[in-house]
Every structure is written in C-alpha cells, then in structure tokens.
Amino acid sequence: MAAPNPVPDNATDTIAAVSTPPGRGGIGIVRLSGPLAASIAAQLVRAHQPLEHAHARLADVLDAAGTDSRRADAPRIDEALVTFFAAPNSYTAEDLVEIAAHGSPVVLELLLRRALELGARLAEPGEFTQRAFLAGRIDLTQAEAVRDLIDAQTLTQARQAASQMGGALSHRAAPAKQSLVELIALLEAGIDFAEDDLDVTGKAEIARRIEEIAPPLAALEGSFARGRIVHDGLTLAIVGRPNVGKSSLFNRLVERDRAIVTASPGTTRDLVTERISLGGIPIELVDTAGFREGARELLEEAEQLGIRRSDEALADAALVLIVLDATQPVTDEDQRLLAAVEGRPAIVVLNKSDLVKRDLVRRDLAAGELESAFVAEGALSGLAAISTSALTGEGIATLRERILALATGGAAAEPGMLTNLRQHQAVATALAALGDAAKANAGRIPHEMILIDLYRALWALDSLTGQTTSDDILNLIFSTFCIGK
C-alpha cells in the first residue's frame with residue numbers, strides 16, 4: 001500500500017461511509033477521506049500492487065480483524081478494486097480511498113465497521129462534498145449541483161446539474177461581481193485620498209457603473225422562473241365533472257393504463273398520481289374524483305371524501321387541466337370550476353371530440369365549430385380550449401405542448417440558471433442593495449453611506465457562491481445530502 005501523505009498539525013479527522021445506495025447490488029463502495037485514509041485501507045484490503053494516485057488496483061478484502069495484510073495466506077472474504085487519490089488532488093483535497101467490492105451489505109458493513117475501529121469516524125450527510133467546498137475545490141453552487149445531479153429524475157435535470165457543477169452559475173455572476181468590486185475599490189480610494197472634500201468619483205460616474213451592474217443580475221434573477229421548474233417540477237391537477245374523460249386523458253398523458261376507466265360516473269373515488277416528464281420538466285399528474293352538481297351530502301361517504309380531496313388538489317396544483325365534455329353544453333359545475341381557476345395557469349380541454357366530429361359530418365358542419373360554439377357563449381371565461389379525444393389520441397400532442405409552454409411560462413433554457421430559493425434570494429438582495437445605492441447616490445449621500453449598500457450587494461453575491469456563507473447555511477445545505485457523498 002502507498003504511504004499516506006504527512007499529517008499536518010491542523011489536519012481534519014478521517015471519515016468513512018458507504019457511498020452506494022442501501023441494499024444489494026453488483027458493486028458497493030466504501031469511501032475514506034482524511035490523513036489516515038491510506039493506512040486504514042491498508043488494513044482492510046491486500047492490494048496486488050502498490051497503490052498509485054488515480055489508478056485502480058485489484059485487492060483482496062480481508063476477513064478478520066487484526067489480519068496482517070502482508071501475509072499471502074491471510075483469509076479473504078471478497079475481491080475489490082481500490083483507488084487511491086493523494087492530497088491535494090482528490091475530490092476532498094485530502095487523501096481519499098475508494099474500495100469497490102461486490103455489493104453485499106454484509107461485506108460493506110464489515111469494511112465500514114473495521115474502518116471505524118481503526119480510527120475513522122462515520123461521515124455526516126454530505127461531509128465529503130462539504131470538505132471539497134471548504135478546501136476550495138468547488139463553490140457552493142457547485143456543491144448544491146452535486147446533490148441535484150444525484151436527485152435528478154429527468155435528463156434535463158441531469159444536464160442542468162452538470163452545467164452547474166461546471167461552474168456555469170458562478171461564471172455568469174462573476175462579471176457583475178467584478179464590476180461591483182471595482183466600484184467599491186474606486187469609492188474606497190476616493191475616501192482615502194480625497195483632499196479638500198473633493199470627490200474623486202462623481203455622481204454621474206457612480207450612477208453609470210451601478211446601471212451597468214444591475215441588468216445582468218436582473219437577467220439572472222429572471223432565470224429563476226424556469227430554473228425552479230426544471231429543478232423542482234410541478235403538479236398538474238386534472239379536474240372536471242364525472243365521466244368527461246379525465247382518467248382516460250390521464251392515461252394518455254402517462255402513456256399507460258394507470259387509472260381505472262369505466263362508463264359509470266364516479267369511478268375515481270380517490271386521487272391517482274403519476275410523475276411524467278415533458279420536455280425534461282418533471283410533472284406530477286393528479287387524476288381527481290369528478291365534481292358532481294347538486295348536494296354533496298347526498299353522495300356516498302367515499303365519494304364525498306374523494307371530492308373533498310379533489311378540491312384540495314385543485315387549490316394546491318401549480319397547473320390545472322379542466323376537462324369538459326364536448327358532446328354536452330357547459331353546466332353550472334363546469335362554470336364553477338372555470339371561475340375557480342380565474343387568474344391561474346389553466347388549460348381547458350374539450351374531450352370526446354371524435355364523437356362531436358361524427359355528428360358535425362352528419363350535419364355538414366365544419367369541425368372548427370366545435371370550439372367556437374363554446375367561446376361564442378363566453379362559457380370558457382376567455383380561456384383557449386383544446387379539442388382532444390382520449391379514445392383516438394387526437395389533440396394529445398397539442399395538449400402536451402400547451403402544458404409545457406404554460407409550465408415554463410415561455411422562458412427558454414439558458415446556462416447558469418438559478419435553481420433554488422437560496423440562490424434567488426441572494427441575487428434579489430444584491431439587486432435591492434444596488435437600488436438603494438443608486439438612490440443614495442442620486443440624493444448626494446456621502447460615499448461612506450453608499451458603500452454600505454454596495455458592500456451589502458457584494459456580501460449577497462458572495463453568499464451565492466459561498467465566500468461569506470455562515471456555518472448555519474452550510475449545515476442546512478449539506479444536511480440534505482446522502483451520507484456517502
């Protein structure tokens with residue numbers, strides 16, 4: 001085994017954890033990081049060749065504690081690939097060892113337990129990545145992207161996280177931050193070297209520089225609308241009266257028979273949910289119980305509970321899909337649902353269009369009259385309608401496009417988007433501080449007071465990437481990681 005690097009006086013302790021998901025698998029990895037990582041690994045496995053930085057070595061996993069790994073006849077329990085990364089050229093900037101054995105929980109537990117007995121301690125959630133951040137290997141937005149990549153459920157989410165891991169967000173914020181630092185330095189110099197109360201930097205120059213800094217940050221703040229949707233996804237509730245085809249549309253969007261469909265009204269008694277991906281945006285579809293007209297207290301208890309949950313889903317959903325029966329006139333219950341989504345992102349679907357078209361053909365009418373008949377009456381409250389047939393699939397592609405457009409608000413994908421509330425608050429705080437500085441400058445406030453606002457903007461941008469992040473924020477962020485990462 002390779003000898004570990006010399007341990008400095010201020011070295012951190014050595015941590016260990018299983019870095020693969022719980023359960024059985026083809027491969028399981030135990031990771032160690034810290035000054036004792038290599039020496040502990042030397043007592044856990046017998047490498048067939050000396051370890052070398054960034055090279056994998058075949059090794060035997062030793063069976064018993066206290067076994068001399070140098071003995072050829074030392075009992076083994078498994079084979080493994082061992083990779084050694086020497087400080088500072090590792091993920092954590094410390095000596096780091098990864099032991100990839102077969103994914104038996106028994107073997108992984110043996111390795112971890114013996115590592116703890118030999119001087120390591122169990123890693124806290126996210127501690128490997130936190131050490132990478134504290135060592136300056138990555139900034140805070142990159143650390144958050146590590147977690148996002150692990151949690152990604154769509155390829156778009158994975159690509160977004162990979163872009164952030166490459167520093168896209170930090171690179172996008174860097175020019176504005178550099179301009180802000182230069183303005184602060186200019187004002188500080190003016191205060192230090194001003195003579196006879198003469199300002200080195202004039203009011204117009206300060207205003208110009210602030211005006212140049214703010215627009216890129218405003219554009220960055222605007223990226224949060226799409227970035228948040230890509231990161232978190234959203235919920236779409238499918239609502240309507242019984243037997244209008246909600247569950248059939250749900251199955252069409254899911255592309256499998258997830259919800260039970262019958263000709264009897266009220267088949268869906270409870271919420272049915274399924275997650276899909278549209279254009280890389282994760283969307284949770286919620287099929288709800290039908291809203292019946294008349295007194296709800298006369299319905300069965302199960303159906304009453306289903307409708308109550310439908311009301312809750314309608315209130316909580318980010319998007320609403322109101323399904324109407326194109327073969328029937330708009331009812332009072334339909335109007336109630338349309339009124340309930342007024343001012344909210346919603347789509348109206350005129351389902352069963354295949355039945356209407358057959359009737360139109362018999363009457364020699366144009367198919368376009370399907371929607372116009374509703375809109376002319378003002379029945380849709382100004383909402384555009386999409387004609388669909390859950391039976392034939394007609395209009396489903398258009399519906400998917402409309403859902404995606406409504407979900408993203410028309411915002412295009414761009415590099416370095418803000419993806420969480422912490423990042424958004426940092427940029428919003430910086431913009432507010434720049435606005436205060438501009439007002440102070442316009443009011444001929446002394447430069448010392450303008451600098452207070454400018455420093456507040458700088459600290460906000462620093463917190464975006466982590467230069468001045470408090471321990472409380474760090475603990476909150478890294479506590480959401482898995483233990484082995």
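Ala152 falls short on exactly one of the conditions (1) surrounded by fewer than 22 Cβ atoms within 10 Å (Cβ to Cβ); (2) within 23 Å of Asp13 (Cβ to Cβ); (3) of a type in the set (A, V, I, L, M), and that condition is (2).
Which of the following residues is in the same structural domain as Leu81 (by TED's automatic domain parsing) and surrounded by 17 or more Cβ atoms within 10 Å (Cβ to Cβ): Ala143, Ala173, Ala101, Ala168? Outline the logic, then answer.
On the way: Ala143 fails: in the same structural domain as Leu81 (by TED's automatic domain parsing); Ala173 fails: in the same structural domain as Leu81 (by TED's automatic domain parsing); Ala168 fails: in the same structural domain as Leu81 (by TED's automatic domain parsing).
Of the residues listed, the single one that is in the same structural domain as Leu81 (by TED's automatic domain parsing) and surrounded by 17 or more Cβ atoms within 10 Å (Cβ to Cβ) is Ala101.
Could you tell me whether Leu404 is out of contact with any helix residue (DSSP H, G or I) (no Cβ under 7 Å at 6 or more places or on another chain) and part of a helix (DSSP H, G or I)? Answer is yes for this residue. Residue count for region 208-249 under the criterion of being surrounded by 23 or more Cβ atoms within 10 Å (Cβ to Cβ), at pLDDT below 90 and in a helix (DSSP H, G or I): the result is 2.
Does Leu431 count as at pLDDT 95 or above and part of a loop (DSSP other than H, G, I, E, B)? Criteria not met by Leu431. Filtered by the rule that a residue be without any contact (Cβ under 8 Å) to a residue 12 or more places away in the chain and closer than 16 Å to Ala318 by Cβ, region 400-420 gives Ala405, Gly410. Considering only residues that are assigned to a helix (DSSP H, G or I), touching a residue at least 40 places away in the same chain (Cβ under 8 Å) and out of contact with any helix residue (DSSP H, G or I) (no Cβ under 7 Å at 6 or more places or on another chain), which ones fall in region 135-158? Matches in region 135-158: Arg147, Ile150, Leu155. Taking strands (runs of 3 or more DSSP E) as the structural unit, those lying wholly within region 13-60 and holding at least 2 residues that are in contact (Cβ under 8 Å) with a residue 24 or more places away in the chain and among the small types (Gly, Ala, Ser) correspond to 15-18, 25-33.
The values are calculated or read from the model by the stated rules, or taken from the named source; none is laboratory data. Computed from a predicted model, the values in this text were never measured in an experiment. With ideal geometry, Cβ positions are generated from the backbone for all residues, glycine too; neighbour counts draw on all protein chains shown.
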